[in-house]
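The values are calculated or read from the model by the stated rules, or taken from the named source; none is laboratory data. All values derive from a computational prediction rather than experimental measurement. Cβ placement follows ideal geometry from the backbone for every residue including glycine, while neighbour counts extend to all protein chains displayed. To get the accessible areas, we keep the full protein, side chains included, count just its heavy atoms, and leave off ligands, DNA and RNA. Shrake-Rupley method; radii C 1.70, N 1.55, O 1.52, S 1.80 Å.
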Amino acid sequence: FSFRKLWAFTGPGFLMSIAYLDPGNIESDLQSGAVAGFKLLWVLMLATIIGLLLQRLAARLGVVTGLHLAEVCNRQYQKVPRIILWLMVELAIIGSDMQEVIGSAIAINLLSVGKIPLWGGVLITIADTFVFLFLDKYGLRKLEAFFGFLITIMALTFGYEYITVKPDQKKLLQGLFIPYCQNCGTPQLEQAVGIVGAVIMPHNMYLHSALVKSRQVNRANKREVREANKYFFIESCIALFVSFIINIFVVTVFAEAFFEKTNADVNTVCVNASSPHSSLFPNNNETLEVDIYKGGVVLGCYFGPAALYIWAIGILAAGQSSTMTGTYSGQFVMEGFLNLRWSRFARVLLTRSIAITPTLLVAIFQDVEHLTGMNDFLNVLMSLQLPFALIPVLTFTSLPSVMNDFANGL
């Protein structure tokens, strides 16, 4: 083992792990904490472990074959299934892009104390994409470092909330290692399914299989291939462990502070704190429902304005960092399935336009409730798209004709 070699292979896994920290994930985390307390932490851990195993297979496919998943699909499948697969993956990418736009718009609105309306935040997210394209010109290694910086911001901001709230460590460990959900019903089951859809992103497997190609490996040398597989797996373990810890921060904060709270409880605290958002919580005994927007407001009411702004910075980092992963995924998928080589500028313009149109309409003509409600729908969409990535990656990595001596026997 060599730390120097590990450093040389470090990058693709962290770029891939950003999909485990997008606004859809954060929304799912805070809702599962508020609805089920600490009881669904084991689902989050199980989904992350399954995600790691799938990412390992995707990375192995790219290292061994020198082709990413979309290119292998293009070679192995007939025209009709190939086009169906491409459309399904594109749908997942657009859905993920919408979540990034929603999260960024809400964060900008919170940071500006409502002075920038939600539709204004949506429009700002058009510009930020092209900033990342500009950074891309300086090379993938520098881009990987920048996204590492954004992950650090998320760890610090959500870690701050964790330290401020001080969740019960015994309940945290019970929730992680006891796969049981006492007194759970339909709402908790919905959250459990939402966690799986939010954590395991279908287009992420296409992305990871392509990113590993950025490192030079002599595929004629089995020892080098085996070594690359080992270091990419170690890096993926570290990256997903970091993302798992950040997700735990969010779940436990809302589990400790807001599980089984009523609207009246929160309304009283927000009124006493002179919060301008206290009207979001009607003075009744219904169970508190939170989303990315309300979550920030509630943290601000209970733990001071600093908690609200730090929360918004974390959400903004999550939304911004996810933007480029969607852009890269779209690029690789289009090139692989259709042999179409568009410039990244044209590619981003197309997907971002499709993602922004419905989001902008909801932001203008509806309210923040409907905007955050779209996140729940999009998490369900991700769950439905999952088989269209799982079947190809599981099939190809077990075929000796594709993987040679590195086929996955299990």
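With respect to residue 292, determine if the residue is in contact (Cβ under 8 Å) with a residue 12 or more places away in the chain and either open to solvent by 20 Å² or more (accessible area, probe 1.4 Å) or in contact with a Cys (Cβ under 6 Å, 6 or more places away or on another chain) (or both).
On the way: in contact (Cβ under 8 Å) with a residue 12 or more places away in the chain: yes; either open to solvent by 20 Å² or more (accessible area, probe 1.4 Å) or in contact with a Cys (Cβ under 6 Å, 6 or more places away or on another chain) (or both): no.
The answer is no for residue 292.
Given the criterion within 16 Å of residue 240 (Cα to Cα), open to solvent by 10 Å² or more (accessible area, probe 1.4 Å), among the hydrophobic types (A, V, I, L, M, F, W, C) and in contact (Cβ under 8 Å) with a residue 24 or more places away in the chain, identify the matching residue among 38, 14.
Residue meeting the stated conditions: 14.
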Report task. Go through segment 205-216 and give me each residue that's crowded, with 23+ Cβ neighbours inside 10 Å and of a type in the set (S, T, N, Q). Result -> 209
Requested in this report: Report yes if some residue within segment 103-123 is open to solvent by 40 Å² or more (accessible area, probe 1.4 Å), out of contact with any helix residue (DSSP H, G or I) (no Cβ under 6 Å at 6 or more places or on another chain) and either under 15 Å from residue 322 (Cα atoms) or in a helix (DSSP H, G or I) (or both); otherwise report no.
Outcome: yes
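Quick one: which helices (runs of 4 or more DSSP H) lie wholly within segment 127-226 and hold at least 1 residues that are out of contact with any helix residue (DSSP H, G or I) (no Cβ under 9 Å at 6 or more places or on another chain)? Before the answer, list the steps.
On the way: elements: 140-165, 169-177, 186-199, 202-211.
Helices (runs of 4 or more DSSP H) meeting the threshold: 140-165, 169-177, 186-199.
Being over 28 Å from residue 353 (Cα atoms), open to solvent by less than 30 Å² (accessible area, probe 1.4 Å) and of a type outside the set (Val, Ile, Thr) narrows it down to one residue among 167, 179, 187, 202; which is it?
Selected residue: 167, the only one of 167, 179, 187, 202 that is over 28 Å from residue 353 (Cα atoms), open to solvent by less than 30 Å² (accessible area, probe 1.4 Å) and of a type outside the set (Val, Ile, Thr).
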Query raised in the report: Exactly one of (1) among the β-branched types (Val, Ile, Thr); (2) open to solvent by less than 10 Å² (accessible area, probe 1.4 Å); (3) over 22 Å from residue 392 (Cα atoms) is unmet by residue 93. Its number?
Result: (3)
Query - Which numbered condition residue 60 misses (of (1) crowded, with 19+ Cβ neighbours inside 10 Å; (2) under 18 Å from the mean Cα position of the chain (by Cα)) - result: (2)
